[in-house]
Each structure stands twice: as structure tokens, then as C-alpha cells.
Amino acid sequence: MEYKAGWNPDPVVRSICAFANDFENLGGGYLVLGQDCDANGQPVFPPEGLPGHQLDKIQQELLACCQLIQPPYFPTLSLERIEGRHLIILWAPGGQTRPYKAPAAVTARHKSWHYYVRRYSSTVEAKGELEQELLSLTAKVPFDDRFRQSARVDDLSPALMQAFLREVGSELQDDAPALSVEALGRQMNVVGGASESPMPKNIGLLFFNATPEQFFPGTQIDVVWFPDGAGGDRFVEKIFTGPLGRMTREALDYIQRNYLHETVIKHPQRAEAQRIVNFPYAAIEEAVVNAVYHRSYEEREPIEVRISHDELVVFSFPGPDRSIRLADLQAGRAVSRRYRNRRIGEFLKELDLTEGRATGIPKILKVMAANGSPLSVFESDDERTAFVIRLPVHVLAQRLTAEVTMEVTMEVTMEVEKLLRAVRGEMSRQALQSALGLKNADYFRKAYVLPAIATGYLEMTLPAQPKSRLQRYRLTDAGRAWLQTRI
């Protein structure tokens, strides 16, 4: 984001050129004309504003200036009115035909063209090695921002696009129902190409097609539970597909409902109880979203989340860029210079699923430490064929789970089977106990509820609040499937 208090063609065109080159593959940026900022780069209100009678003239001059960029590049323009002042908002996403160069001085008679890139919050001229690296990006558009020539614009779902706009609070949501799919897609930068032959971009199909796996095989998240450990014979598998945002959230919700358990420990010497979870949800969220963000959608390998009593492991393919040292990654210091999917990160950020600024790994380390869990582990091989994030279980939670397991068997006992058959939708503990004709609550919990949850066939609706008065119990997908085998 760059703010300009007024209309000055030279710096504006240079910044447009820099955003179009998108040297860091972050998706370009925005320029706000008529908005001044303080020394820290924060906008100052009320804004300076642009003279209303000059808006048409500024737009005409801007059009002429953008034609001077080589090759020509035109950002998306929007006129806005903030606190009674006129602003021009320019959205300059990363271009398809980079590198771009712009004149150092638009108004000079004898112009000299240079390449410009963004360095932190500034626009600078690309010189020497920086220029050579920019030139090496020629025609290297990130996969998610490329056109899908085998697909049609009609493959994009207007309903999914409008739902996304509503969720992120975009002002475009009011105009969206009246726009064609192509017009809406161009506004959202998920459609491009000539007007006589428009094409959807990969990012559009990944987020706004009901079955993106038909275009990108392997676009799915497999959640696998190993009740006897990874070497055991038993496992429960759940596969999530669909639009990227929905698929990610559904997988995370499923993991949270079924496999995250909180333990409350009361200490006699202090009033406040200690609360620990086997795996911190925030760490799992970052690990799964990281995989969705950075995996390659050209490879036919799904994201896999493997859960056991000992650890939760997230696999994705391929591994991190070779410029990232695994030692730096493990220490939370790694920052990627090249993002494989710049637009996926942009959309995930809109959905509040990621910050998109290399903060995921440090956050995993932070929340694991805050929970008292062992250090998370980040693995890849020399060829960077895959990336593995291991989240070890909290040692105390593991010991308590083992103690419960000693009291109950992981096999489905007659008591568990009776309980599973009694469940109808979501039921309270009292309702379940009454349905089974049992009076002793402690016996019911140890002999029926805990073993049923341990098998993965029964779950709590509020796993983070086990003693809530609103707590209910319901069958998991695995529980329903198991009952079908017993009919």
C-alpha cells in the first residue's frame, strides 16, 4: 500500500511499474491518490483529497502515462469519496508479461526507461544483480495466476464468488448480482485475456469452482487417524475436497471436533486451574493453511494430515524453496523470497486464514511453546520433494491419555456399542445416561463416554469446554460408518 497526497505522474508511474513487476511475488499492491500519511506510513485523516474538477483530467493523464510503461500496463481504477474528499484508488496486481519498465520522468522530452521494484515500502530502481534477477523472471508467472486455457469462464460459480465477496466485506458484493461472470471475474482478477476470448485463471478455479480437483487432480486434504499408532492396522480416513477456502475450513473444523482434547488440572496451591491441549489448534491451523498456500497444484499429491496419540503430522508436496535453509526454518527465521502461489495467499489472507508475510512458522513455534508442548519439527530432503511439519503431543496430555486408556480398552466394548446405538443427533450427557437407564454418572463417564471418544466414534460438540452446560455428544463420521457395518 502506498499513499500519495496529490497527483504527481512521475512517482506514481514508477510505483505502478514496481507493483506490476511483483518482484517478491506478493500479488502487487495499491496506490491511494489524495491520501497523505505520517512518518510511519500510516494514513492521516481527514485525507488531503483531490480537486473534484480535476478527476477527469487526472484519469486522462494517468491513461497516457500507463501507455508509456513497456509493455503497456493499466491498473484497475476506482473513484472513492472518504470524509467528503475525493480519492483515486489504483489496484496494480502482478503483471502477466513482466518485466516492466517505466520512464524515470514522464514529462521529460528525452525519456530514459528503467526497471523498478518494491523494496519493503519503497519503490526503487532495479540495478545490477537486482535487475538481472528481475529479468530472470520473464514470463515466469506463478501457477495460480496463470490462465487455464482448457477451462471456460462459465466454469466459475457466481454463487461462490458472491459468497466470498460477502464474507470479506467487499463493496463489490452490492454490484456483483448484476454483473456477468466475466465482468465479475475481471473485477476480482480471476478472469483475463482478450474480450473476444476470455479465460479463467487457476486461482479462480481453485476458489470458485465446486470441484477444482477436476482441473487440478490431488486438490484435497486427507485426514487420517491412527488409534494404534502409524504402524497399526487400524485407521480412520476422511477426505475433504471442494473450493480451497471451504475445503481448508472443513478439514480444520473436523480435526478440532474429533481430535483436540483439553485437560484441566487443578492445583491446591493456586486458584487458577492449568489448561492444556494435546495439540494447540492455532498451530494446526497454521500448519494446514501453510500446506494449502505453498503446495504445488501441478503435482497430483494431496495434503495429508496424520494424527496419532503421539503427534500430528502435516505432509505437503513439494518442499520449501531451496533458498530457505532448514536450520533457519526450524529456528523460525526463514523468509521466502519467492512465493509459489501469490494469489492463493492473497485470498487466504482475505478470509483471515493467513497473514501472508512468512509469520506461519514463527507462530507455530510460539503457540506450541505457550502450551508447554515439545518443539515442533520441520523436515524436508535435499531434493525438497516434500515438506513435513510435526507437532508432538503435549507430554502431560499424552500421559493422562495413557492413564485413561489403561482404564478402558480401545476395542469397541458392549458398553460402547450400546452408547453409540443410543445416540440421536446431538444429546446431553444426562439424556444419554437416561436413554441407557444408568444412574451412576461417574461409571457412565468411565465405562461408556471416555471409551467411545477414545475410539474416535463419539465426539463432543464443545471439545475445548468439556464441562460446559451446553456440552453435547454426537457420532463422528467414523462412528456412523462403524454402526453401518453392525446392522
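Table for the structure above
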item: For S150, solvent-accessible area (1.4 Å; no DNA, RNA or ligand), Å²; result: 90
item: Sequence of T248, T241 from largest to smallest accessible area, 1.4 Å probe; result: T241, T248
item: Neighbour-limited loop hits for chymotrypsin sites (Phe, Trp or Tyr not before Pro), the range 159-216 (at most 10 other Cβ within 10 Å; DSSP other than H, G, I, E, B); result: none
item: Per residue, the convex hull volume that the Cα atoms of the chain enclose (Å³); result: 205
item: Loop-resident sites, the range 96-154, for chymotrypsin sites (Phe, Trp or Tyr not before Pro), counting at most 10 other Cβ within 10 Å (DSSP); result: Y120
item: Candidate lysines for bridging to K140, where Cα separation is under 16 Å - those fewer than 8 sequence places away on the same chain excluded; result: K201
item: Accessible area per residue, Å², the chain with all protein chains present, probe 1.4 Å; result: 49
item: Student exercise, the chain dipole from Lys, Arg, Asp, Glu Cβ charges, in Debye to nearest 20; result: 720
item: Contour minus Cα-Cα distance for E83 and R445 (0.36 nm per residue); result: 124.3 nm
item: Carbon/sulfur fraction of accessible area - the chain, other protein chains in place, 1.4 Å, %; result: 50
item: For the range 460-474, Karplus couplings with θ = phi - 60° (6.51, -1.76, 1.60), whole Hz, Gly/Pro x; result: 8, 6, 10, x, 7, 10, x, 9, 5, 5, 8, 4, 10, 10, 8
item: V44 accessible area, 1.4 Å probe, all protein chains in place, Å² to nearest 10; result: 50
item: Accessible surface ranking that places the most exposed of M460, M1, M161 first, with a 1.4 angstrom probe; result: M1, M460, M161
item: Local electrostatic count, G218, Cβ distance below 14 Å [Lys/Arg +1, Asp/Glu -1]; result: -4
item: Cα-based Rg / Dmax (Å) for the range 5-149; result: 15.7, 46
item: Qualifying aspartates and glutamates (Cα of each under 19 Å from Cα of K57; at least 8 residues distant if same chain); result: D10, E48, E80
item: Value of D in µm² per second that Stokes-Einstein yields for the range 147-226, Kirkwood Rh from Cα pairs, at 4 °C (1.567 mPa s); result: 97
item: C-alpha long axis of helix 158-168 to longest principal axis of the chain, angle in °; result: 90
item: Inter-label distance, nm, simple model (7 Å from Cα along the C-beta direction), D477/A108; result: 6.2
item: Alpha carbon centroid spacing (whole Å) that separates the range 433-487 from the range 210-255; result: 23
item: Sites Q330 and K366, calculated FRET efficiency, Cβ-Cβ separation with R0 22 Å, nearest 0.05; result: 0.95
item: For the range 1-148, size of Cβ-based charge dipole, Lys and Arg +1, Asp and Glu -1, in debye; result: 440
item: Pairwise label distance in nanometres, D222 with R119, each label 7 Å out on the Cα-Cβ vector; result: 4.7
item: Where L475, L436 fall by accessible area, highest first, once all protein chains stay in place (1.4 Å); result: L436, L475
item: Compactness of the range 345-390, expressed as Rg and Dmax over alpha-carbon positions, Å; result: 13.0, 34
item: Charge dipole (debye, nearest 20) of the range 111-164; +1 at Cβ of Lys and Arg, -1 at Cβ of Asp and Glu; result: 120
item: Helix-only mean residue ellipticity at 222 nm for the chain, each DSSP H run of n ≥ 4 adding -39500 (n - 2.57), per residue, nearest 500; result: -9500 deg cm²/dmol
item: Acute angle (nearest 10 degrees) that the helix 360-370 long axis makes with the longest principal axis of the chain, alpha-carbon atoms; result: 40
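The values are calculated or read from the model by the stated rules, or taken from the named source; none is laboratory data. Everything numeric here is computed off the predicted structure, so don't read it as measured data. Heads up, the Cβs are rebuilt from the backbone with ideal geometry, glycines too, and the neighbour counts pull from every protein chain shown. Protein only, heavy atoms only, side chains kept; ligands, DNA and RNA dropped before computing areas. Shrake-Rupley method; radii C 1.70, N 1.55, O 1.52, S 1.80 Å.
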